[in-house]
Each structure stands twice: as C-alpha cells, then as structure tokens.
Amino acid sequence: MLNPNYIIRKMVIQDIEKVMRIETESFTLPWSKKSYMAELNNKYANYIVCDIEGEIAGYAGIWVIFEEAHITSVAVDMKFRGYGLGKALMNELEGFARRKGAEIILLEARQTNNLALKMYQGLGYKPKGL
C-alpha cells in the first residue's frame, strides 16, 4: 500500500499543466486548458488537487449553486490509482458541498467507466439515469 504524504488543497493556476496531463490521459473528451482556467474564476466552482510532495496525483471539481451540487470532474493519475485518492478527493468535495448548504450532490459517469462507478456506488451514490 502506498503511504503517500499527500495533502488536498485548492487548485491554483500553477497546477493547470499537470492537471491537463491527467485530464487527457483519463478522458476521451478532455476539457481544455482554457476551461480549467475559467473554472478557477467561477464563483460557484471549487477545484482541488491531491498533492504528493509537489506532484499532482489527482484533482476534482464541484459546482455548488444553492442546495444543489454537481461534481464536474474527478481524476487520478494512472500511477496513483487504487490507493484511495479518488475517494479522498470525493470526500473533500462532499464536505465542501455540505458546508455550502447543498442537500443533493449529482455527478455523471460513463457507463463504461467501471472503476469510477464502483467507487461512486461505494460512497453511496445511486444511479438516476443513463
């Protein structure tokens, strides 16, 4: 088991290049660098990274608007998968959403993304549609 000395912190502009590497390795339709730059200035958004001794191991984002939160993105670098970092990022997002007053948290995942679906189910998320 990996024993990372990781911290979860707010994403900053200096993280974008590393986030983009993980984004393009993780998704068939990745967001653009410009999109992430805009998200850092979105007053409804909160983006975080999992930092292991200066290396970005994963990131996640959420929008909270009134009582509804929408998880926009969660990804972990391939070499750090399987160590619970995705779950740690999700827990941080959920805590943020609850502190902001969200009563419901939504997310989308591809039907073929079995690892993500398993993690979400383990966290108590239930499918609402396909």
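Bear in mind these aren't lab numbers, they're just calculated from the coordinates by the rules spelled out. Since this is a predicted model, take the numbers as computed values, not measurements. Every residue, glycine as well, gets a Cβ built from its backbone with ideal geometry; the counts of neighbours run over all protein chains shown.
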Listed residues V74, V12, V64, most fluctuating in the chain (Gaussian network, C-alpha, under 10 Å): V12
Residue with peak Gaussian network fluctuation, the chain [Cα springs, cutoff 10 Å], from I65, I105, I13: I13
Relative contact order %, the chain, counting alpha carbon pairs below 8 Å whose residues are six or more apart: 21 percent
For S73, residues with placed amide H under 5 Å, excluding near neighbours: G61
Helix runs (DSSP H) in the chain reaching 30 Å along axis by Cα, Kyte-Doolittle at least 1.6: none
Listed candidates (1) 15.6, 52; (2) 14.0, 39; (3) 13.5, 45 - label of the one calculated as Rg and Dmax of the Cα atoms in Å: (2)
16 Å cut-off, amide nitrogen to a point 7 angstrom out along E17 Cα→Cβ, residues in region 42-60: 54-57
Residue with peak Gaussian network fluctuation, the chain [Cα springs, cutoff 10 Å], from I71, I62, I104: I104
25 Å Cα-Cα reach of K128 towards lysines, excluding residues that sit fewer than 8 places from it in its own chain: K87, K100, K118
Mean ellipticity per residue at 222 nm, deg cm²/dmol - from DSSP H runs of n ≥ 4 across the chain, formula -39500 (n - 2.57): -9500 deg cm²/dmol
Length added when fully stretched, R9-N41, from 0.36 nm per residue minus Cα-Cα: 9.9 nm
